[in-house]
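Below you'll find the structure, written out as structure tokens, and then a few comments.
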Amino acid sequence: MSEGKPSQKGLGRGLSALLGNIPPDESVVGVNSPSRIKSLEFSMIDVDSIQANPFQPRNEFEEIALTELMESIKLHGIIQPITVRKLDDKTYQLISGERRLRASQMAGLKTIPAYIRTATDVQLIEMALIENIQREDLNPIEIALSLQRLSDECNITQEDLANRVGKSRSVVTNYLRLLKLTAEVQKALCKSEISLGHARALVVVEDEKVQIDLLDKIISQRLSVRQVEDMLRKMQQNKTKKTIRIGLPKHLQLMKQSLSTNLQTKVDIKCNSQGKGNLVIQFKSEEELNRILSLIHK
């Protein structure tokens, strides 16, 4: 759904600043093209020497898409080198390109072209996050979780976070609010059963049961975002009217008057629609309190 696609504005500059001057994706690197790799300053490293990125924001990889990429790699080689950081003389850690790495492993490649960069843990998170967002590889919940982790790891404000990923503060805030949704709604958003617009509408619903009921209606009735917003607006209006209509029942009003007369002080009774409430008896001094208690005991 179109509403679920993150905006790409401003992300290219952020990625370039982090990764340096990397050739565009159109640069095809054949499996047996050492001269071309050298000219573009790649390094061929062992596939088995690469550790996974612990900060990888993407949680799911479609098997069909991986298989198609594997077949493409067998035929054409690696389209875009992966990016890694060096841990020691024999070990590297992936920064970006996990799909390419997995597909290369499936294709049986022993080595893979890679850019070797120096990066801190914070930069590692930023690179992985920005690279995936730029290529529209993440669903909204993965983006939200990545932004939250980047914020926690870097201990930065939402404004600074927005600047780092090249998005407005409101966009970042809206993504982070998605984490308030119930697990069922988040799962539906990840599966594209609902759009980002639907999810944003449901965020304002605090009751988890109501969220789930609305989710079922959205999916079963194929409701549009506008229909959901209209439904929520009517629910709020009905709730307001119900609150205004509910007053103290007649028998409690009479009880309140009787207590006030008998105790010779102001009495207040509050009660909800389920019959629960409280009784407040006012007094101005300890002497008056003792008088009231004496009357109650009698």
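The values are calculated or read from the model by the stated rules, or taken from the named source; none is laboratory data. Keep in mind that what you see is a predicted model, and the values were worked out from it rather than measured. Here the Cβ positions follow ideal geometry from the backbone for every residue, glycine too, while neighbour counts run over all protein chains shown.
For region 152-193, filtering for residues that are crowded, with 17+ Cβ neighbours inside 10 Å, among the small types (Gly, Ala, Ser) and in a helix (DSSP H, G or I) leaves 2.
Within this structure, Ile130 passes the test of being buried (at least 16 other Cβ atoms within 10 Å of the Cβ), β-branched (Val, Ile, Thr), in contact with a strand residue (DSSP E or B) (Cβ under 9 Å, 6 or more places away or on another chain) and touching a residue at least 60 places away in the same chain (Cβ under 8 Å). Within region 194-214, not a single residue is under 30 Å from Leu293 (Cβ atoms), touching a Ser or Thr at 6+ places or on another chain (Cβ under 9 Å) and part of a loop (DSSP other than H, G, I, E, B).
One line per residue, one yes/no per condition, for (1) assigned to a helix (DSSP H, G or I); (2) within 22 Å of the chain's Cα centre (by Cα); (3) surrounded by fewer than 19 Cβ atoms within 10 Å (Cβ to Cβ):
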position: Arg85; (1), (2), (3): no, no, no
position: Arg102; (1), (2), (3): yes, no, yes
position: Pro113; (1), (2), (3): no, no, no
position: Ile143; (1), (2), (3): yes, yes, no
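Per this entry, Arg149 is not counted among residues that are basic (Lys, Arg) and crowded, with 16+ Cβ neighbours inside 10 Å.
Restricted to region 215-247, and to residues there that are outside any helix (DSSP H, G or I) and on the phi < 0 side of the Ramachandran plot, the residue that is modelled with the lowest pLDDT is Ile246. Cβ-Cβ distances below 9 Å connect the following pairs, each with a first residue in region 273-286 that is without any contact (Cβ under 8 Å) to a residue 40 or more places away in the chain and surrounded by fewer than 10 Cβ atoms within 10 Å (Cβ to Cβ), a second residue that is of a type in the set (S, T, N, Q) and part of a loop (DSSP other than H, G, I, E, B), and a separation of six or more residues or different chains: Lys284/Thr265. Given the structure, is Ile194 at pLDDT 85 or above and β-branched (Val, Ile, Thr)? So Ile194 fits the description; yes.
Only one of the listed residues (Leu252, Leu259) is touching a Cys at 6+ places or on another chain (Cβ under 8 Å) and surrounded by 11 or more Cβ atoms within 10 Å (Cβ to Cβ). That residue is Leu252.
Taking region 281-298, which residues are farther than 11 Å from Leu263 by Cβ, charged (D, E, K, R) and part of a helix (DSSP H, G or I)? If the condition is that a residue be farther than 11 Å from Leu263 by Cβ, charged (D, E, K, R) and part of a helix (DSSP H, G or I), then Glu286, Glu287 are the ones that fit.
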